[in-house]
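Data block below; observations after.
The values are calculated or read from the model by the stated rules, or taken from the named source; none is laboratory data. Note that the structure is predicted; figures quoted are calculated from it, not measured. Every residue, glycine among them, receives a Cβ derived from its backbone with ideal geometry; neighbour counts consider all protein chains shown.
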Amino acid sequence: MDDMLKVAIVGCGKIADSHALQIQRIEGCEIVAVCDREPLMAKQLYERFPIKQYFTDLAELLDTARPDVVHITTPAESHFDVAKFCLERGCHVYVEKPFTLYAEQAERLVDLAKRKRVKLTVGHNDQFSHVARRMRALVQSGYLGGAPVHIESYYTYDLGDPKYARALLGDQNHWVRRLPGKLLQNVISHGIARIAEFMTTDSPQVIAHSFVSSLLKQIDEREIVDELRVIIRDDQGTTAYFTFSSQMKPPMHLLRLYGPKNGLILDQDHEILLRLRGQKFKSYADMFIPQALFAKQHLGNLFTNVRLFLGRDFHMDSGMKYLIESFYCSIRDDSPVPIPYREILLTARIMDAIFEQVAANRSQDFSSAALGQLRAD
Amino acid sequence: MSNPATNIASQENELLQQDRFIVDPDDCILVTGASGFIGSRILQNLLDRGLRNIVCFVRPSSNLSEIEAMIERRPPDTRIEVRKGNLLSRVDCEAAAKDVAVIYHLAAGTGEKSFPDAFLNSVVATRNLIEASLRFGSLRRFVLVSSFAVYSNRDKPNGRILDESCPIEEHPELRGEAYCFAKVRQEQLVAEYGKNSGVPFVLVRPGSVYGKRGDITGRVGIAAFGPFLHLGGSNKIPFTYVDNCADAIVLAGLVKGIDGEAFNVVDDDLPSSRQFLRLYKKNARKFKSIYVPHTLSYALCYLWEKYSKWSQGQLPPVFNRRRWHTEWKKTRYSNSKLKAKLGWTPKVPTSEGMRRYMETCKPDGRYA
């Protein structure tokens, strides 16, 4: 391999822009080609970034540009086929989330990557934001006092945002509707991956409850499930709640970790990390001192964020840059990948279990509705 | 809005008698984005002109209340068909473009902040529509509704007239606006089809279209940082009232001998940014604004542009000198070509247009 890592991007939609922006910030790599079945889309990305070539055929790209790494930013339903094709050709592969449609596909990709001795990762970049990295360091230092006893992961999604909602709800053929888990599959993997990072078992128990929000029912949307509550439990006793909502306000992307000794709160939206002290203060002191300590922590978060901003290291996609950079380092040094394969697979298995139950919930809802209708008739 | 029933006879006669139009009343006219702000006015204008065979192409999620009201009160023997679909689907495009003589293409990725999304919904959709229309061989005019956003407005002194001869943005990717990039590429695509496939096209570039409650145009100022920053100052704002704009667009699809031309659409008697803001505060909503002189706004755009580059996009380059030249540089506007070649005149004077607009902005409808 040359010193300069040759990178290609397959799929030139919205998320490809973020990849191109972050890749060009990383030293020692260059985007040698992009590919999209729609030539106009491939060309527009090629025109706006320092990219050498564009293609409409993936095989031609691989033969001509010979990239070391391929970033797959196509719609999720094609992730498996495109990733498999690139892995078989000996390329390292970065797959945007959701990794694959089914856990079984994820397992096959991981096996293939191992057999071909190439690296594979998934775009769970939220786990590599500044605040997430600070939290990970604290957990690794033993701050929690052991494995987490309980985890809470909140992931909200504003369907009121006209950009996405209009495209999705207005288009019955939108690719998101074709995913087994529909909207949930395209969105929840960030929140689930955060839980998977701290689960020890390969097949945790998963109980999911899902429903269509009243907002979507009002506009006669019956197919898109936009409210989800999940309980997860591993064989070591760690439990987790996962909440996905399109209606909850304020919007939040939050992780709470409770250990046997202390707890942590990670607020992704505001890049805040709070330590939750396990021990209480005596008597009235517990009514006054914690507030002062929280204020101190909030100030500390503020100063950290300002310092990062002034240091030109506080980009909106800083987690993506860090993940890509770490992935490229693992390729160069043949060191471990930034997201262990175990976590990728566990995330996929939890998602499979969720979508299975969501589908069952929906069947039950339809049956109840049909029964109600029959009774009314 | 005029009542078509009262206008049919005279306007149909006008249409039939005039040999300056390329269509007959029964020729099929397609309007994409017909349920939108301008699209619905175009539909009404076509009906008022006595055209009797109109297809409206809308997204499945569109609000059809205005179109349905027009269908209810359409003149006898007039066909208005609503076809729902997505211009990203070639099948839907073929269904929309079947046997049409004139296409008014308004549907676009407006409001998109992402470059690929704006590009997809503007350029790729337009390509699909033109390709579909080429299969039927019935197209006599493709009217692309573009925007003033395509002009670069650089390399010319303050206060000079911006007209159709002014250069188009050479590097729209550097403007920091997805909409500008998509519109420039969309125009180029249509021009290429005109050159290579003989598609008869006309480009219409409206200024700031107004007429219903909405955000104040960025040419007046922005409220992105808290208080409203008034950036326009004494600049004229290239307003066009929605009915006047629709009239110009409709004429661009009908008048003979203008293939390959571009037309700017602005009304007469344009108010300055300051005059508009004063009127708005008096009649619609009171709020505090801070005037930013042109020299200062240019300096801020310059600094933002440099910081964005230095910080590798920590702040996206949404404010830059190219944008300043287009939106906040002192400029005058001309509608001479529109008047001379299309015979267009703004039927709603700016004073009346502003009165109507302010009424929509204020809940109690009072106008001072």
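List of remarks:
- Of all residue pairs spaced 6 or more apart or on separate chains, those with beta-carbon atoms under 6 Å, a first member in region B:78-104 that is within 14 Å of chain A (Cβ to nearest Cβ) and a second member that is of a type in the set (S, T, N, Q) are B:Leu87/B:Asn128; B:Arg90/B:Asn128; B:Asp92/B:Asn86; B:Cys93/B:Asn128.
- Residue check: B:Ser138 meets all listed conditions (1) more than 14 Å from every other protein chain (Cβ to nearest Cβ); (2) polar (S, T, N, Q); (3) crowded, with 20+ Cβ neighbours inside 10 Å but one, namely (3).
- Condition met for B:Asn320 (in contact with an Asp or Glu (Cβ under 7 Å, 6 or more places away or on another chain), under 30 Å from B:Lys341 (Cα atoms) and in contact (Cβ under 8 Å) with a residue 60 or more places away in the chain): no
- Restricting attention to region B:288-320 and to residues that are out of contact with any Lys or Arg (no Cβ under 8 Å at 6 or more places or on another chain), within 14 Å of chain A (Cβ to nearest Cβ) and not in a loop (DSSP other than H, G, I, E, B), the residue that is surrounded by the fewest Cβ atoms within 10 Å (Cβ to Cβ) turns out to be B:Lys309.
- Residue check for B:Asp243: modelled with pLDDT of 95 or more, surrounded by 19 or more Cβ atoms within 10 Å (Cβ to Cβ) and assigned to a helix (DSSP H, G or I): yes
- Scanning region A:26-37 for residues that are within 12 Å of chain B (Cβ to nearest Cβ) and surrounded by fewer than 18 Cβ atoms within 10 Å (Cβ to Cβ), we see that the one that is farthest from A:Ile331 (Cα to Cα) is A:Arg37.
- Selection within region A:278-292 - under 18 Å from A:Tyr143 (Cβ atoms) and either touching an Asp or Glu at 6+ places or on another chain (Cβ under 6 Å) or loosely packed, with under 14 Cβ neighbours inside 10 Å (or both): A:Gln279, A:Lys280
- The residue that is surrounded by the most Cβ atoms within 10 Å (Cβ to Cβ), counting only those in region A:333-347 that are in a helix (DSSP H, G or I) and of a type in the set (Ser, Thr, Tyr), is A:Thr347.
- Candidates in region A:1-18 are the residues that are farther than 17 Å from A:Ala76 by Cα and modelled with pLDDT under 95; of these, the one that is farthest from the other protein chains (Cβ to nearest Cβ) is A:Met1.
- Hey, A:Leu21 over 25 Å from the mean Cα position of the chain (by Cα) and within 12 Å of chain B (Cβ to nearest Cβ) or not: no
- Of the residues contained in region B:113-132, none is found to be at pLDDT below 95 and more than 12 Å from chain A (Cβ to nearest Cβ).
- One residue from A:Thr74, A:Thr56 being on the phi < 0 side of the Ramachandran plot, surrounded by 23 or more Cβ atoms within 10 Å (Cβ to Cβ) and either in contact with a Leu (Cβ under 7 Å, 6 or more places away or on another chain) or within 14 Å of chain B (Cβ to nearest Cβ) (or both): A:Thr74
- Any hit, region B:323-344, residues being within 14 Å of chain A (Cβ to nearest Cβ), within 20 Å of B:Cys180 (Cα to Cα), touching a residue at least 40 places away in the same chain (Cβ under 8 Å) and not aliphatic (A, V, I, L, M): no
- Residues in region A:38-53 that are buried (at least 16 other Cβ atoms within 10 Å of the Cβ) and more than 14 Å from chain B (Cβ to nearest Cβ): A:Gln53 only.
- Residue in region B:36-50 that is within 14 Å of chain A (Cβ to nearest Cβ) and either within 21 Å of the chain's Cα centre (by Cα) or surrounded by fewer than 20 Cβ atoms within 10 Å (Cβ to Cβ) (or both) present: yes
- Check on A:Ser330, within 14 Å of another protein chain (Cβ to nearest Cβ) and surrounded by 14 or more Cβ atoms within 10 Å (Cβ to Cβ): no
- Filter result for A:Lys296 (more than 24 Å from A:Gln140 (Cα to Cα), charged (D, E, K, R) and away from chain B (no Cβ under 14 Å)): no
- If you go through region B:182-228 and pick out every residue that is within 21 Å of the chain's Cα centre (by Cα), among the aromatic types (Phe, Trp, Tyr) and under 30 Å from B:Met354 (Cβ atoms), you end up with 1.
- Residues located in region A:170-217, provided they are within 12 Å of the chain's Cα centre (by Cα) and small (Gly, Ala, Ser): A:Ser189, A:Gly191, A:Ala193, A:Ala196
- Odd one out for B:Leu231 among (1) farther than 30 Å from B:Ile22 by Cβ; (2) buried (at least 21 other Cβ atoms within 10 Å of the Cβ); (3) within 21 Å of the chain's Cα centre (by Cα): (3)
- Exactly one residue among B:Arg274, B:Arg332, B:Arg285, B:Arg278 is more than 30 Å from A:Met320 (Cα to Cα), in contact with a Cys (Cβ under 9 Å, 6 or more places away or on another chain) and surrounded by fewer than 18 Cβ atoms within 10 Å (Cβ to Cβ), and that residue is B:Arg285.
- Matching helices (runs of 4 or more DSSP H) fully within region B:90-147 where at least 1 residues are within 25 Å of B:Asp163 (Cβ to Cβ): B:125-136
- Taking each residue of region A:75-103 that is farther than 16 Å from A:His190 by Cβ and looking for partners that are aromatic (Phe, Trp, Tyr) with beta-carbon atoms closer than 8 Å, six or more apart or interchain, yields A:Pro75/A:Trp175; A:Glu77/A:Trp175; A:His92/A:Phe327; A:Leu101/A:Phe80.
- Tally, over region A:213-268, of residues that are at pLDDT below 90, surrounded by 17 or more Cβ atoms within 10 Å (Cβ to Cβ) and of a type outside the set (Gly, Ala, Ser): 3
One line per residue, one yes/no per condition, for (1) in contact (Cβ under 8 Å) with a residue 12 or more places away in the chain; (2) touching a Phe, Trp or Tyr at 6+ places or on another chain (Cβ under 9 Å); (3) of a type in the set (Gly, Ala, Ser):
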{"position": "A:His298", "(1), (2), (3)": "yes, no, no"}
{"position": "A:Leu308", "(1), (2), (3)": "yes, yes, no"}
{"position": "A:Arg312", "(1), (2), (3)": "no, yes, no"}
{"position": "A:Ser330", "(1), (2), (3)": "yes, no, yes"}
{"position": "A:Asp334", "(1), (2), (3)": "no, no, no"}
{"position": "A:Ala348", "(1), (2), (3)": "yes, yes, yes"}
{"position": "A:Asp352", "(1), (2), (3)": "yes, yes, no"}
